[in-house]
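Just so it is clear, none of the values below were taken in a lab; they were calculated from the coordinates. Being a predicted model, the structure only gives us computed values, none of them experimental. Neighbour counts run over all protein chains shown; Cβ positions are idealised from the backbone, glycine included.
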Amino acid sequence: MPHPAPPPGGGGSPRGPGIVDSAAGADEAAVGPWFKGLARPYLPFGLVAVGAAALGAVAALVPPYLAGVLVNRVLEGHDAKLLPLLIAAAVAASLVRGALSFIQQTRSERFGQGILQEIRNGLYERLVAHGFPYYDHVHTGQLMSRLTTDVEWVRTFFSNGFTQATTFVFTVVFVLAGIFVASPVLGALTLVLLPLLFLVILRFDRRVRPAYREIRRAMGRMTTTLQEAVAGIRVVKAFAQEHHEERRFEAVNREVFDRQVRAATLSATYIPLMDAIGWFLSGVMFLVGAALVIDHAMTLGSLVTVAGDFIVLVGPIRGLGGLVNMWEQGVAAGGRLVELWRQPPEIRSPEHPYAAARARGEVRFQHVGLAYDGVEALHDVTFHVAPGRRVAILGATGCGKSSLVHLIPRYYDVTAGSVELDGHDVRQWDLGALRSQVGVVLQESFLFSATLTENIAFGWPDAPAERVADVARAAQVDEFARRLPEGFDTVVGERGVGLSGGERQRVSIARALLVDPPVLVLDDATAAVDMETEWRIQEALSRRLGHRTTLLIAHRLSTLKEADEILVLEAGRIVQRGNHAELVRRDGLYRHLYEIQYRDRDLWERARAAGEGAT
């Protein structure tokens, strides 16, 4: 089922806001309309639950009514023949009420689970739609907290809270009606006394809502701390910082503890108070009712009926504190989910996008500028790559190499100038079509907890086995796959932890080659492999890169020597360009790096040659 789309648009800032945890909880005002939109497809289940709750409330009044008849007709009127009928009616009412309760609970759960399914699917779609700018700022722990704890509170609100709320409303309405029928005086008294209870509820609501909002934030911070510690456990152990991380977790865990205790204290204060008010109302009603019976203003049977009706009402009243708790938790959690739901992707397809089945692979940068949070990363970058050409990018760490190549598949949008693929600005391309033309091997080689084959075929799950095997050989994956317990069917573990960094990079290269993109970006793709393996990968890639445009980033000059053109970046600007032979002859950064990397090797080779000559 399609979900509400974010606002239309095409561009986006290089970095997004991530999750903004506003103290005011402004998004809670949008929870009601959001819930209504999500609930609409599952409304039939909700209406059945409401109907069952209404009939159940009516059925709950039958036993008190029968008790009143029992007193008036059987005990005082000595009509013994009526007793079996009253017993049968009470049993029938009990069975009907049980059946209605079953219908109400199952339909309410179906109603809540349906909404929960929509929320999860919609939130996941939005998370997947967000680009690099969003994830540059967001904390994974905050996301996990919202997708688990907050979503579960919304489910509880719709499944359990919905059932309790409808039961309470109908019980109050029908009990009041029953009391008015039995005694208008007691009915009027009930209407006077009940607002006292609702004033307490309103007071509780105003105090507990901020408390639960703070709990949600504290839980998000605790989840973030936990996620970071687990993800970075190797760094923690490498620097012997286990105790530091324990203290850091204890601090956020203590914050959660304090927030929970404060909310529990509020509940412990108000819920017994509401319970006491309920019993107080019952006591007042019994005293007034007893006086009416003594004055012969009502029958004893009517008082028994009213007493029974009040017993029916006391249960929902006693649960009203928990219902308010549930409501506040659900609204607080819903506000945080709405905030996540309403954030549109920073980078998305234009209204009328361009698309092509397969691009030629012509790439052009025209006076490109890029800034992150106001800090310039690229300045006036202009170059052209003809289809099938190989361009290398070199520069010191932080000079803008990765930022440059990330603009081609629109991981970020330029803040000045334009990037074109086949003569069309990449911002005018359909985003999915654009990224299908560009294969990327990032510096960080992420693998899923799946088999080697599944990781290689991630971009083409139905790829023929021989094609997977072919690219695996080209990327030298088969070399280490043979040593694994189940070969290519071995599950590599979460984030590929069963493999070395170099092995993960080889799998990433194979994954990019499998989809056969017309443009291939290798962002320091062989940095983690040894020089011999790199040479073999380069040999295999050379046979495959002739028909595709390739942009590669590397720190080893041996990787760049075969490029048609080399761009040397410094502080986000192109300071040199040319092929290897041309750049070595010129003074500049490239020659300086060449001398650093090759001076010792050249000296060793000359010494070896001199030694062999002497021999």
The chain: angle of helix 242-294 to the longest principal axis, Cα-based, in degrees nearest 10: 20 degrees
Student exercise, region 26-342 dipole from Lys, Arg, Asp, Glu Cβ charges, in Debye to nearest 20: 440 debye
Cα pair distances exceeding 17 angstrom across region 110-215, given as percent: 71 percent
Among beta bridges that DSSP assigns inside the chain, antiparallel share in %, nearest 5: 50 percent
Excluding exposed DSSP-loop chymotrypsin sites (Phe, Trp or Tyr not before Pro) (at most 15 other C-beta within 10 Å), longest clean stretch of the chain: 1-238
Angle in degrees between helix 300-318 and the longest Cα principal axis of the chain, rounded to the nearest 10: 10 degrees
Rel. contact order, % - alpha carbon contacts under 8 angstrom, at least six apart, the chain: 16 percent
Principal-axis tilt of helix 43-60 within the chain, Cα atoms, nearest 10 degrees: 20 degrees
Dipole moment magnitude, nearest 20 debye, the chain about Cα centre, only Lys, Arg, Asp, Glu C-beta charged: 640 debye
Residue (of 490, 210, 469) at the positive-pole extreme of the chain, dipole from beta-carbon charges: 210
Gyration tensor (Cα) of region 26-342, equivalent ellipsoid semi-axes in angstrom: 50, 22, 16
Selection from 116, 588, 241 lying farthest towards where the dipole of the chain points positive, charges on Cβ: 116
Helical contribution to [θ] at 222 nm, DSSP H n ≥ 4, -39,500 (n - 2.57), averaged over the chain, rounded to 500: -19500 deg cm²/dmol
